[in-house]
1. Find the accessible area per residue for the chain; the probe is 1.4 Å, ligands and nucleic acids are left out, and the unit is Å².
2. So for the pair His104, Arg7, with labels modelled 7 Å out along Cα→Cβ, what separation do we get in nm?
3. What distance in nm separates the simple spin-label points at Asp144 and Asp121, each placed 7 Å from Cα in the Cβ direction?
4. Taking the Cα atoms of the chain, report the difference between the largest and smallest coordinate on each principal axis, in whole Å and largest first.
5. Helix-only mean residue ellipticity at 222 nm, the chain, DSSP H runs n ≥ 4 weighted -39,500 (n - 2.57), per residue, nearest 500. What is it?
6. Is there a pair in Lys66/Lys124; Lys68/Lys133; Lys66/Lys201 whose C-alpha atoms are over 31 Å apart, and which pairs would that be?
7. Roughly how tilted is helix 47-66, in degrees to the nearest 10 and between 0 and 90, from the longest Cα axis of the chain?
8. Tell me which GluC sites (Glu not before Pro) from the stretch 1-74 have a DSSP coil assignment and no more than 13 other beta carbons within 10 Å of their own.
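The values are calculated or read from the model by the stated rules, or taken from the named source; none is laboratory data. None of these values were measured; they are calculated from a predicted model. Here Cβ is always computed from backbone atoms with ideal geometry, including for glycine, and neighbour counts include all displayed protein chains. These area figures cover heavy atoms from the full protein model, side chains too; ligands, DNA and RNA do not enter into them. Shrake-Rupley method; radii C 1.70, N 1.55, O 1.52, S 1.80 Å.
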Amino acid sequence: MLDDAERVVPFTGAGISTESGIPDFRSPGGLWTTTQPIPFDLFLSSREMRDESWRRRFAMEDYFCKAKPTRGHLALASLYRAGKSPGVITQNIDNLHQAAGMPHEAVIELHGNTTFATCLDCAKRYELAFIRKRFEETGGRAPDCDCGGPIKTATVSFGQAMPEDAMLRAKAWAEDCDLFLAIGSSLVVWPAAAFPLHARKNGARLVIINREATEFDEIADLVIRNDIGDVLSPLIAH
Ligand code: NAD
Ligand code: ZN
């Protein structure tokens, strides 16, 4: 299918990153089984929730800062460099596609990026090391921006608006490909999960690579229920 395809669009979820040590949400023992996410309206309305949100983020920092791109990330970067794909659409927030060598503009991040933060009012960017220092100095209080606005990781929470530009670009890519690869996603988080459907409706072949069953296995042309690194590593160009 890869050989036949002219334009391949990969779409990734948390499963492509588990090999790097970052847990996913819905695998047995995944993050979801221990912590419920904090919805956006609660983050905005409650200082305690903002404190809790930053406490959780820093507890995860060891995972994120130690994580290296996986064989899956490297394979997709090779596919991109070979001119086979315009880039990757990702639900992940871990920056690992970029770390694997894909340029910023080739990575469409539907749920943002957790490796830096922004002010929700004035959009000023903050680095995590700076925020962490303030957080620790104040005994665990979520920091505010100089303008008074709340600072949040540059991610999209449940209940927060999706980034418009990323959504438009992702839709255009999904509608303009002949092979769509859904990799490491349970395909239950909407509206992100709509992209495999868009691609399928527009005539692309749909391949799903995921250890567990997904919502769209029935409409896929091929389902590979196996380890992502093992499946994709032959694509890594050395
Ligand atoms: P998910 O947790 O719902 O699904 C991940 C899927 O990947 C599971 O079905 C699991 O069986 C599969 N999987 C895990 N490791 C695998 C491997 N090595 N080989 C094959 N399959 C494997 O993840 P999702 O669909 O991406 O939705 C979770 C949401 O949480 C996303 O929106 C994402 O933004 C966010 N999230 C991101 C990260 C990250 O950036 N690394 C981590 C956790 C959650
Ligand atoms: Zn501000």
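1. Ligands and nucleic acids excluded, the figure is 49 Å² per residue.
2. 2.5 nm
3. My value for the distance between the label points is 0.7 nm.
4. So the three principal-axis extents are 57, 32, 30 Å.
5. Working: 8 runs with 76 residues, N = 238.
Mean residue ellipticity, 222 nm, calculated: -9000 deg cm²/dmol.
6. With Cα atoms farther than 31 Å apart: Lys66/Lys201.
7. 50 degrees
8. For GluC sites (Glu not before Pro) across the stretch 1-74 that sit outside H, G, I, E and B with at most 13 neighbouring Cβ atoms in 10 Å, the list reads Glu6.
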